[in-house]
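**Q** Pasting in a structure now, in structure tokens, and then I'll have a few things to ask.
The values are calculated or read from the model by the stated rules, or taken from the named source; none is laboratory data. Everything numeric here is computed off the predicted structure, so don't read it as measured data. Because the Cβ atoms are built from the backbone with ideal geometry, glycine has one as well, and the counts that use them run over all protein chains shown.
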């Protein structure tokens with residue numbers, strides 16, 4: 001091997017090692033410390049929701065205060081108590097209001113179902129009741145999303161923790177106060193969160209809770225509802241079955257973090273991401289603290305996990321918060337085709353994908369999503385609009401990019417030395 005070739009090869013290997021080392025250090029969960037010493041209240045069976053630059057932590061067993069974390073200031077703010085104890089529900093944002101429907105109150109194992117829909121006006125910091133669930137469709141431990149200005153409630157349990165998991169799916173229109181029964185999901189489940197990715201609702205994780213082992217009976221199937229077709233379909237099963245996990249949307253990914261299962265006395269630290277477009281699951285870095293019944297959200301390219309219980313059941317509530325820096329979302333511009341002239345390789349450049357995307361919407365229970373609506377440039381529930389495909393970069397992508405670049409340089413040097421033809425990237 002020529003000395004020059006050996007040196008370039010060594011440079012390539014060093015660059016790859018450096019990229020891998022840098023990514024292993026940065027792509028890990030970090031403890032979240034407020035800038036003023038403020039902190040959240042320990043709780044479990046709570047939920048988080050993103051609105052603007054803030055994440056609201058709401059609910060939990062016992063009447064815990066609503067607490068808001070500001071991304072701008074890094075402070076926690078106590079906004080006072082909700083009208084009553086609310087737990088086992090997924091809050092969602094419509095406009096400047098946060099809706100809570102399908103919640104439980106009080107006591108294990110047959111918790112009372114809250115029929116009313118409670119709404120927090122975040123501008124005035126006041127609560128109101130805007131309607132009630134139909135008597136024949138009452139349940140708690142539901143998942144919920146907002147889509148098109150309407151509230152959608154999925155799954156839940158009619159008997160607290162003593163059986164009664166359902167696959168019901170309902171629509172509530174705040175402008176009319178009317179409910180509409182939609183097709184049941186393929187699988188009954190409770191103790192889960194739903195996520196909007198583009199025009200589809202994704203239900204992953206959860207369980208069918210029943211005594212004597214409430215943390216058993218996990219649901220491994222993934223159910224996906226397409227709002228355009230009005231049909232359900234199945235996705236790839238979740239690798240780690242669990243209930244009580246938090247789920248958020250980011251790009252085309254549904255990220256499921258934490259949870260509990262009857263085979264472990266400790267809450268899970270497992271974090272897995274489901275790429276809806278590719279129908280593939282992958283593993284993300286494990287959390288510092290295993291937790292279930294937590295509040296979660298994504299804002300500013302970071303995923304947050306707040307509070308929860310660190311062991312099965314609720315005996316070990318934590319006030320810890322942690323955050324994971326997610327890969328940067330990459331926008332592939334639409335209609336980028338055209339002829340590229342000049343340069344060593346020349347030729348035609350491949351055209352871009354013509355796909356519209358909704359980004360940053362709060363229709364998945366406050367998680368920051370960037371799902372793809374093909375050919376649609378519209379704004380979904382207050383999200384930003386961006387042409388092109390929005391996809392999260394991969395931790396593998398950085399190293400692979402370095403590999404491609406240096407490989408190309410190496411090829412050029414070798415071929416010019418040997419007077420061979422040009423390299424093609």
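**Q** Is it true that residue 117 is in a strand (DSSP E or B) and either within 26 Å of residue 290 (Cα to Cα) or within 22 Å of the chain's Cα centre (by Cα) (or both)?
**A** Values: in a strand (DSSP E or B): yes; either within 26 Å of residue 290 (Cα to Cα) or within 22 Å of the chain's Cα centre (by Cα) (or both): no.
No.
**Q** Let me ask something else about it. Among the residues in the stretch 81-92, are any touching a residue at least 24 places away in the same chain (Cβ under 8 Å), over 21 Å from residue 291 (Cα atoms) and in a strand (DSSP E or B)?
**A** Yes, that holds for at least one residue.
**Q** Here is a further query. Considering only residues that are in a strand (DSSP E or B), over 15 Å from residue 129 (Cβ atoms) and over 22 Å from the mean Cα position of the chain (by Cα), which ones fall in the stretch 93-109?
**A** 104
**Q** Which number in (1) more than 16 Å from residue 91 (Cα to Cα); (2) surrounded by fewer than 18 Cβ atoms within 10 Å (Cβ to Cβ); (3) at pLDDT 95 or above marks the one condition that residue 23 misses?
**A** Every condition holds for residue 23 apart from (3).
**Q** Given the criteria under 25 Å from residue 41 (Cα atoms) and at pLDDT below 95, does residue 300 qualify?
**A** Working: under 25 Å from residue 41 (Cα atoms): yes; at pLDDT below 95: yes.
Yes, satisfied.
**Q** Here is a further query. Can we say residue 288 is more than 30 Å from residue 64 (Cα to Cα) and in contact (Cβ under 8 Å) with a residue 12 or more places away in the chain? Let's see the steps before the verdict.
**A** On the way: more than 30 Å from residue 64 (Cα to Cα): no; in contact (Cβ under 8 Å) with a residue 12 or more places away in the chain: yes.
Here the answer is no, as residue 288 does not meet what is asked.
**Q** Any idea which of (1) in contact (Cβ under 8 Å) with a residue 40 or more places away in the chain; (2) assigned to a loop (DSSP other than H, G, I, E, B); (3) within 20 Å of residue 294 (Cα to Cα) is the one residue 163 doesn't satisfy?
**A** (3)
**Q** Looking at the stretch 274-291, which of its residues are in a loop (DSSP other than H, G, I, E, B) and within 18 Å of residue 235 (Cβ to Cβ)? Working first, answer last.
**A** Of the stretch 274-291, the ones in a loop (DSSP other than H, G, I, E, B) are 276-279, 285-291.
Residues satisfying the conditions are 276, 277, 278, 279.
**Q** I'd like to check something: does the stretch 306-317 contain any residue that is closer than 17 Å to residue 57 by Cα, assigned by TED's automatic domain parsing to the domain that holds residue 72 and within 16 Å of the chain's Cα centre (by Cα)? Show your work before the answer.
**A** Filtering the stretch 306-317 for residues closer than 17 Å to residue 57 by Cα gives 306-309, 317.
Subset that is assigned by TED's automatic domain parsing to the domain that holds residue 72: 306-309, 317.
Retained after the next criterion (residues that are within 16 Å of the chain's Cα centre (by Cα)): 306.
Yes, some residue in the stretch 306-317 is closer than 17 Å to residue 57 by Cα, assigned by TED's automatic domain parsing to the domain that holds residue 72 and within 16 Å of the chain's Cα centre (by Cα).
**Q** Is there any pair with a first residue in the stretch 39-67 that is free of Cβ contacts under 8 Å to residues at least 12 places away in the same chain and a second that is surrounded by 18 or more Cβ atoms within 10 Å (Cβ to Cβ) and in a loop (DSSP other than H, G, I, E, B) whose Cβ atoms are under 9 Å apart and which are 6 or more apart or on different chains, and what are they?
**A** Correct list of pairs: 52/122.
**Q** Considering only the stretch 125-160, how many residues are closer than 10 Å to residue 115 by Cα and part of a loop (DSSP other than H, G, I, E, B)?
**A** Number of matching residues: 4.
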